1. So which residues in the stretch 223-239 are more than 24 Å from the chain's Cα centre (by Cα) and buried (at least 16 other Cβ atoms within 10 Å of the Cβ)?
2. Please name all residue pairs, on different chains or six or more residues apart, with Cβ atoms under 6 Å, provided the first residue is in the stretch 198-227 and is in contact (Cβ under 8 Å) with a residue 40 or more places away in the chain and under 17 Å from residue 320 (Cα atoms) and the second residue is open to solvent by 50 Å² or more (accessible area, probe 1.4 Å) and assigned to a strand (DSSP E or B).
3. Which ones in the stretch 326-348 are at pLDDT 80 or above and in contact with a strand residue (DSSP E or B) (Cβ under 7 Å, 6 or more places away or on another chain)?
4. Does the stretch 187-208 include one or more residues that are under 13 Å from the mean Cα position of the chain (by Cα) and of a type in the set (Gly, Ala, Ser)?
5. Can you go through 169, 150 and tell me which one is among the charged types (D, E, K, R) and within 26 Å of residue 271 (Cα to Cα)?
6. So in the stretch 119-141, with the set limited to residues that are surrounded by fewer than 17 Cβ atoms within 10 Å (Cβ to Cβ) and β-branched (Val, Ile, Thr), which one is farthest from residue 2 (Cα to Cα)?
7. Go through (1) touching a residue at least 60 places away in the same chain (Cβ under 8 Å); (2) within 18 Å of residue 276 (Cβ to Cβ) for residue 232 and report which single condition fails.
8. In the stretch 53-80, which residues are farther than 20 Å from residue 175 by Cβ, out of contact with any helix residue (DSSP H, G or I) (no Cβ under 7 Å at 6 or more places or on another chain), hydroxyl-bearing (Ser, Thr, Tyr) and open to solvent by 50 Å² or more (accessible area, probe 1.4 Å)?
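The values are calculated or read from the model by the stated rules, or taken from the named source; none is laboratory data. Predicted, not measured: the structure shown is a model, and the values here were computed from it. A quick note on method: Cβ atoms are made from the backbone with ideal geometry, for glycine too, and the neighbour counts reach across all protein chains shown. For accessibility, only protein heavy atoms count, side chains too; no ligands or nucleic acids. Shrake-Rupley method; radii C 1.70, N 1.55, O 1.52, S 1.80 Å.
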Amino acid sequence: MTHLQAVERAVRTGAPHEILSTVRDALIEHFEAIEVDLLVADYSSTVLQLVTALPHTAQPLAVQTSPEGRAFISQEPYGKYIAQDGTVELHLPVTVRGDRIGILTVRLPEHRCTSRAVDEMTGIAELLGHEILVAERDTDLYLQARRSQRLTLAAEMQWQLLPARSCARQEYAIGGQLEPAYDIHGDNFDWATTADTLTLTITNGMGEGIHASLLTNLAVNALRNARRAGIGIADQAALADQALYAQYQGAQYVSTLLLFFEIATGRVQVVDAGSPQLWRQRDRTVERVVFEAQQPLGMFDETLYEAQEFQVLPGDRLVFVSDGVYGAKSGAGEAYELVTGSCRGALVRRDECDDPAVRVV
């Protein structure tokens, strides 16, 4: 039995809140680990926080400036030598199918830090990520550790509604973020994949606070219910529209962009039902992809929707933004706009364009 198999067996028989201690014991036994810690990314993905029992008192580590953050960003193991006692501090990504959860930090003797050992411990860190996702059904330990501040109730509901923050396959990679992370209202993204297709929705429920969150929850679950019935995206939109109108009689509505990708051909069907926008970067050209606008979901009774089509090519980057991004203004009153050059076609404020490290929003 390999070390990974032994750890997997031990983890799956332990209690959900004891996963880290089980992994720690295994790393001590099999790799002579001296210290083992788990850090998870907070909701804004700007800091890494130590998983401990409440209350959490350890100082958060900045993703951009710490060795742990370097491993988190690069998604590669990163080692740091501790000269005074001859040990190595190894930072291993805890990631599940592209969804970055955090970092497993292991301090061990230098002679045990071989290439084979690093590979095995990297596999253990990946296993830990899978087990954390399962354990979160039964314990709040890992979700509590992610919080650098308190979530609003609306934000709590919205984060729980997401499928994940990212997903990666050989054919594509998806990443999304909701901001302000601790006080979000009606924004949401959702996806579902099969061997041959990808369905993606970007949703923006009107209003603020709990009212926007409740509205978006109904819309997203109505869309999922229709999608899981195996019908096309035009009919998914129509059924969600009926559910929202039946509840709110047109007083509340949801803006949604629905996309259905055929992975083998790059053919995409789209229903544009509101404010979310799509921008495409192809080679060095960035442009907005405009569709025929249709009514937001729930605005009118029994609205009929039609799917349009466009084509994606290998290497295309698609950026989806809600009006909370392109409608936002800087402190000086400047609107976000499309810029090129050193910013590589990101949606940013013009005064940010000289920074080559600006992230695509």
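1. So the first thing to find is which residues in the stretch 223-239 are more than 24 Å from the chain's Cα centre (by Cα), and the list is 229-232, 234-235, 238-239.
Those that are more than 24 Å from the chain's Cα centre (by Cα) and buried (at least 16 other Cβ atoms within 10 Å of the Cβ): 232, 234, 235, 238, 239.
2. 199/260; 202/320
3. Result: no residue meets the conditions.
4. For the stretch 187-208, residues under 13 Å from the mean Cα position of the chain (by Cα) and of a type in the set (Gly, Ala, Ser): absent.
5. Values: 150 fails: within 26 Å of residue 271 (Cα to Cα).
The match here is 169.
6. 139
7. In the conditions (1) touching a residue at least 60 places away in the same chain (Cβ under 8 Å); (2) within 18 Å of residue 276 (Cβ to Cβ), residue 232 misses (2) alone.
8. Across the stretch 53-80, the qualifying residues are 57, 65.
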